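*Asks:* Quick one: the structure is below, and I'll ask about it shortly.
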Amino acid sequence: MEREIVSNAFHHVNWGIPIAVYFWLVGSSAGSFVISSLGWVFGIKKFKPISFFASNLAIVQLLIVPALLVFDLGRVMRASHLFPLVTGFWHATASLAWGTALVATYPIGMAIYSYLIYKHNEKWARVFGFIAVIQAISTHWYTGITMALNPSRHPNHTALAALLFLIGAFISGIGLLIVILKIRDYFVKAADKLDPTMIVGLGRLMLLGLCVDIFLVFSEFIHMTYGTEEEFHVLELVSTVFRAPVLELYLGLGLALPLAILVSPYGKRNGGVLLASALIATGIFGMRLGWVLISQFSQTIF
Amino acid sequence: MSSRSYGLQEPPSLGVAGRKRYAMVVDLRRCTGCGACAMACKVEFDLPLGVWRIWLKEENRGEFPNVRKVVVPTLCNHCDYPICVRNCPTESTYKHADGFVLIRPNRCIGCRACIVACPYNARHLLPAARTDAQKPTSITDKCSFCIHRVSRGLAPACVASCTARAMIFGDLNDPESEVATLLLKENVSVLRPDMGTAPQVYYIGLDHGGVTDPIACYTDRSVALKDDFNAFKRNHNGLSFGDIVEGENETSALGFTRQVAGHLKDFIVDIFEKIGWVSRH
């Protein structure tokens, strides 16, 4: 027994819970910001009243991210090595190098957009909002790509991974936004309370994203069942070690149950949409946990 | 394999005039699994407990009386197309013109992108506290093919200590070298050729019951090995933040939540430790 412990070098899961939380926060931030942009950038007037709040929520969510990322580094004080302006070197083939640039500039883009909404400057809000939407999508797309560009890490090494991350971000962003908007309603004057039809409208958007997410995850699992030994191992892990976050939380509570709620008559009521939102927001956290940890877990024992 | 060049790394030096292409051949028919290579490496680099630059993957096959122990010494493959180099955001890890994949310790930030990228699990993070304060901490580390010895004309520590002469190291660009001759004469295999990394550690006899990747690793994991793995993870709480302990109780919905909360608590304590407010060591 001792012999096997000594000679079979066990390995750690190197990107762990903080990184999963980071992916979830960045995703929710991106989703929230996309909703914010619907009113001022894409001209859908009914979403205008929540644009300012949604944009600020996206900024707050993203401000937590540097703490997670920087303190997850082995050498915290060397975080400056990621910035080419400080060090003079830039490794363009590394997705983390691009990610640093995006994570550093995306809150600035959102802050400018928020300020322009506050000043009711429609023209420039549209321009800077559009730039910030691209930043929002890129920032979350890169998290999926960072996981996907490791050929030995399943289930991430597929072209669908980044898309799955993005759609998950979209729906969890809307979900979290709805829950927080509802909480906000308890603290604001009656005149500022949210229009109930808005919640149903956001629920419809969420349903659309949910269908795409289910389609993508179905495609991923079909791919895995006809896959390599490693992919079979991922399936084994999904049904054993990671049953709770993936099967139960993500697929069950995060996708199937909200779908049932949103397509039923409850999907047109505020209570139903609110419940589905909370379930999706937590369900997508299960997806982040699963997708980040499983890909490393399958390789740690050998 | 056609030549591909990614980013800022040096292109493969195989066949390039005036350059060396160092490679290793491990003859598994000769390997006795004595572990001298792993121990010599530990001593050479004063590696802390729990991390290895070279280790033995071993497995007990069959049932008495038809039993066999198969052993594969595993180390960094110094790939021609290393994914770790491509994914390092600070250019800390790089490809040397003579084929070594090396690390600049002063640039590494400990982001572990290279560890996640490596299909061979050849990399590890050095612990934050080491007995010798002069040694590097919290950065990535891996086999360097003993460049400090090779550049002085010596064999790597593992090769020099191999009791069965199962490990052979040399320059593939020198047709007279033993590694070049072995590659021509013998059937050699590499680990995970499907990764497209062109590894430069070659094995003889890997197809004769070696612990090949990935099937044996996934399907032949013994219960005892799983138990060891779980015990190892339980005893290393706080070192890493994604280790989930297997088992019905630990991975039920409640158990999983408890583990995630525990990891987050460790991470928060770690933040205070990195700031210097608390010390767990």
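*Asks:* Round to the nearest 0.05 the FRET efficiency obtained for B:Ala133 and B:Glu186 when R0 = 41 Å and r is the Cβ-Cβ distance.
*Replies:* Details: r = 46 Å, r/R0 = 1.12.
That gives a FRET efficiency of 0.35.
*Asks:* Sticking with this structure for a sec: Just the number, please: Stokes-Einstein D of segment A:104-161 in µm²/s, Kirkwood Rh from C-alpha pairs, 4 °C, 1.567 mPa s.
*Replies:* 101 µm²/s
*Asks:* May I ask for the net charge around A:Lys46, where only other residues with Cβ less than 13 Å from the Cβ of A:Lys46 are counted and Lys, Arg are +1 while Asp, Glu are -1?
*Replies:* On the way: positive: A:Lys45, A:Lys48, A:Arg204; negative: A:Asp195.
Taking every Cβ under 13 Å from that of A:Lys46, the sum is +2.
*Asks:* May I pose another question? For the pair B:Asp174 and B:Ala97, how long in nm is the line joining their label points, each one 7 Å along Cα→Cβ?
*Replies:* It works out to 1.9 nm between the two label points.
*Asks:* Moving on. Restrict the search to segment B:229-276; then list the GluC sites (Glu not before Pro) that DSSP places in a loop and that have at most 11 other Cβ atoms within 10 Å of their Cβ.
*Replies:* Passing sites in segment B:229-276 are B:Glu248.
*Asks:* Rounded to whole Å, give me the distance from the Cα center of segment A:237-275 to that of segment B:141-205.
*Replies:* What the calculation gives is 52 Å, centre to centre.
*Asks:* Let me ask something additional. Could you work out the mean count of beta carbons from other protein chains within 10 Å of each residue's beta carbon in B:116-126?
*Replies:* If you average over the peptide's residues, the count of other-chain Cβ atoms is 5.
*Asks:* About the Cα centre, and with charges only on the beta carbon of Lys, Arg (+1) and Asp, Glu (-1), how big is the dipole of chain B? Nearest 20 debye, please.
*Replies:* So the dipole magnitude of chain B works out to roughly 500 debye.
*Asks:* Distance in nm between label sites at B:Leu154 and A:Ala104, each 7 Å beyond Cα in the beta-carbon direction?
*Replies:* 4.2 nm
*Asks:* At a 1.4 Å probe, what is the % contribution of carbon and sulfur to the accessible area of segment B:222-275?
*Replies:* Its accessible area is 61 percent carbon and sulfur atoms.
*Asks:* Anyone know which of A:Val70, A:Val103, A:Val217 comes out most mobile in the 10 Å Cα GNM of chain A?
*Replies:* Most flexible of the set in this elastic network: A:Val70.
*Asks:* To continue, here is another question. Based on the alpha carbons, how large is the Rg to Rh ratio for chain A when Rh follows Kirkwood?
*Replies:* 1.00
*Asks:* Then there's this: For segment B:40-110, what D do you get in µm² per second when you plug the Kirkwood radius from alpha-carbon pairs into Stokes-Einstein at 10 °C and 1.306 mPa s? It would help to have the intermediate numbers written out before the result.
*Replies:* Working: Rh = 15.0 Å.
This corresponds to a translational diffusion coefficient of 106 µm²/s.
*Asks:* For chain B, treating each Cα as an identical point scatterer without solvent, what Debye log10 I(q)/I(0) comes out at q = 0.09, 0.11, 0.14 1/Å?
*Replies:* Debye curve over Cα of chain B, log10 I(q)/I(0) at q = 0.09, 0.11, 0.14 Å⁻¹: -0.49, -0.72, -1.14.
*Asks:* Let me know the whole percent of all Cα-Cα pairs from the protein assembly as shown that are separated by more than 35 Å. The partial results should precede the final answer.
*Replies:* Numbers: 70899 of 169653 pairs.
Result for the distance tail: 42 percent.
*Asks:* Tell me, in nm to one decimal, what length is gained between B:Leu254 and B:Val278 on full extension, where the rule is 0.36 nm per residue of separation less the Cα-Cα distance?
*Replies:* 5.7 nm
*Asks:* Okay, moving on. Can you tell which of A:Gln296, B:Met39, B:Pro105 lies farthest toward the positive end of the dipole of the protein assembly as shown, using +1 and -1 charges on the Cβ of basic and acidic side chains (Lys, Arg; Asp, Glu)?
*Replies:* Of the listed residues, the answer is B:Pro105.
*Asks:* With every protein chain present, what is the per residue accessible area of segment B:222-275 (1.4 Å probe, Å²)?
*Replies:* Value for segment B:222-275: 49 Å² per residue.
*Asks:* If you take every residue apart from A:Leu249 with its C-beta less than 11 Å away from the C-beta of A:Leu249, what net charge results, scoring Lys and Arg +1 and Asp and Glu -1? Show your work: numbers first, answer last.
*Replies:* Values: positive: A:Arg243, A:Arg288; negative: A:Glu248.
Summing Lys/Arg as +1 and Asp/Glu as -1 gives +1.
*Asks:* Still on this structure, please answer the following. For helix B:253-275, report the angle its Cα long axis makes with the longest principal axis of the Cα atoms of chain B; keep it between 0 and 90° and round to the nearest 10°.
*Replies:* Helix B:253-275 sits at roughly 80 degrees to that axis.
*Asks:* Another one. With a 10 Å cut-off between alpha carbons and a GNM built on chain B, which of B:Ala231, B:Ala164, B:Ala117 moves the most?
*Replies:* Judging by the Gaussian network model, the answer is B:Ala231.
The values are calculated or read from the model by the stated rules, or taken from the named source; none is laboratory data. No experiment lies behind these values; they were computed from the predicted model shown. Note that each Cβ is placed from the backbone with ideal geometry, even for glycine, and that neighbours are counted across all protein chains shown. These area figures cover heavy atoms from the full protein model, side chains too; ligands, DNA and RNA do not enter into them. Shrake-Rupley method; radii C 1.70, N 1.55, O 1.52, S 1.80 Å.
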